[in-house]
Amino acid sequence: MNSISTDTADKEVQQVHLWNHCHNCDARPIAGRRFHCETCPESPDNDLCEPCYELLQKGKIKHPADDSYAASNAHENEVVEHRFTVHEGKPITLYEKWLEICHPNVPDPVLPYPFVVRPLFSAGMDSVIAGYAFVVNIEGYHQPVLLTALHVIDALIKQKGIDCTDKNKNYTGSELPTVITEVSLFDVCADNWMMAPLGTAGSMWVLPGARTGDEEPYSDRDIAAFWVPSADAKNIKPAPLAFQSPAKGEPVWVAARLTEKPGQELFKAVVVEVNQRSLVFKYEDPAEKPKYLSGSPLVNQKGEVVAIIVGGGDLNGQKLGHGNHVDNIRQHLAGSR
Ligand SMILES: [Zn+2]
Ligand SMILES: [Zn+2]
């Protein structure tokens, strides 16, 4: 008898996609099955819930949405067939325990400014402004390093017909460094960032273990790195890279700007899970989180970078994020992944 009632209870647990919202009805998180567009450049606007996907099949809604990242990167008059994959959710109970972890009462760190940038990636005649990036100093290296998430370059990756996912068994990591010629860096926290160039980053690192397309929150392979020639970085104040990932329960801060007001701001959070493949954090104030953060830094109380932010999600009125943590970043940079 017991086993029957347990089975019934299990079936009633809601299946959700914590890290995805529906770009049509804005369900956060998506419950039930999720339809993910593999054709659009990776962005938070690539998913539909099942009812909205059915509307799309009937021609009643638009994909990509007009105000999406994919639409802004589409070539005019280009007819593209968008290929969707279907994904099952995970029990909501897996995530609810994260919401119970308390926020330590500690003061904010002091950060260098500016070290968070808006990058413009150029590949010959093509260029794309995408996500965020930041500059770090790493002991033992003679130049600062620009770090971001690999998926922020996905529009350029797809434009160039490069496949950085697991489907490409021949991927070596040197495909992008031969194509991306320059990264122009802008001060994202300036009053008008487009008028505030900070310098350029040069050659891209060959990172054989970096990939796009992993299921969130597995963000351990989502990384891109570029040298920042010291002469080109006089206006940038790099932050140090931490030696070790923070532990569960430790405070962390997202360094970013809100679109409405200039200046570098800190959004306090607490680490709710760390494992080999992911670092998940919960915001202290769910109201203040900026909308898009991919490629932004997560820092500890000493002001050291502990992760590259990769994604975010909403649950029961709280906001969560996840990133590629420094233990993995260091392995990629050391060539051991
Ligand atoms: Zn929907
Ligand atoms: Zn699409």
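The values are calculated or read from the model by the stated rules, or taken from the named source; none is laboratory data. All values derive from a computational prediction rather than experimental measurement. Because the Cβ atoms are built from the backbone with ideal geometry, glycine has one as well, and the counts that use them run over all protein chains shown. We work out accessible area using only protein heavy atoms, side chains counted, and drop any ligands, DNA or RNA first. Shrake-Rupley method; radii C 1.70, N 1.55, O 1.52, S 1.80 Å.
Checking the conditions here, which among S230, S174 is out of contact with any strand residue (DSSP E or B) (no Cβ under 8 Å at 6 or more places or on another chain), at pLDDT below 95 and either assigned by TED's automatic domain parsing to the domain that holds V117 or crowded, with 20+ Cβ neighbours inside 10 Å (or both)?
Working: S174 fails: at pLDDT below 95.
S230 is the lone residue from the list that is out of contact with any strand residue (DSSP E or B) (no Cβ under 8 Å at 6 or more places or on another chain), at pLDDT below 95 and either assigned by TED's automatic domain parsing to the domain that holds V117 or crowded, with 20+ Cβ neighbours inside 10 Å (or both).
Residues being assigned to a loop (DSSP other than H, G, I, E, B) and open to solvent by 30 Å² or more (accessible area, probe 1.4 Å): count how many of those fall in the stretch 290-337. Full working, then the answer.
Filtering the stretch 290-337 for residues assigned to a loop (DSSP other than H, G, I, E, B) gives 290-296, 300-304, 316-317, 334-337.
Applying the additional criterion that residues be open to solvent by 30 Å² or more (accessible area, probe 1.4 Å) yields 291-292, 301-302, 304, 316-317, 334-337.
Count: 11.
Yes/no per residue for (1) modelled with pLDDT of 95 or more; (2) under 21 Å from C164 (Cβ atoms):
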residue: A31; (1), (2): yes, no
residue: R34; (1), (2): yes, no
residue: C37; (1), (2): yes, yes
residue: C49; (1), (2): yes, no
residue: L55; (1), (2): yes, no
residue: Y69; (1), (2): no, yes
residue: A74; (1), (2): no, yes
residue: N77; (1), (2): no, no
residue: H87; (1), (2): yes, yes
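Would it be correct to say that A65 is open to solvent by less than 70 Å² (accessible area, probe 1.4 Å), of a type in the set (G, A, S) and in the same structural domain as N46 (by TED's automatic domain parsing)? Steps first, please.
Values: open to solvent by less than 70 Å² (accessible area, probe 1.4 Å): yes; of a type in the set (G, A, S): yes; in the same structural domain as N46 (by TED's automatic domain parsing): yes.
Yes, satisfied.
Within the stretch 22-36, count every residue that is free of Cβ contacts under 8 Å to residues at least 40 places away in the same chain and within 16 Å of ligand 2 (Cβ to nearest atom).
Qualifying residue count for the region: 1.
Could you list, ordered by first residue, the pairs with Cβ atoms under 6 Å in which the first is in the stretch 164-184 and within 17 Å of S127 (Cα to Cα) and the second is aromatic (F, W, Y), at least 6 apart or interchain?
I180/F121; V183/F121; V183/F226
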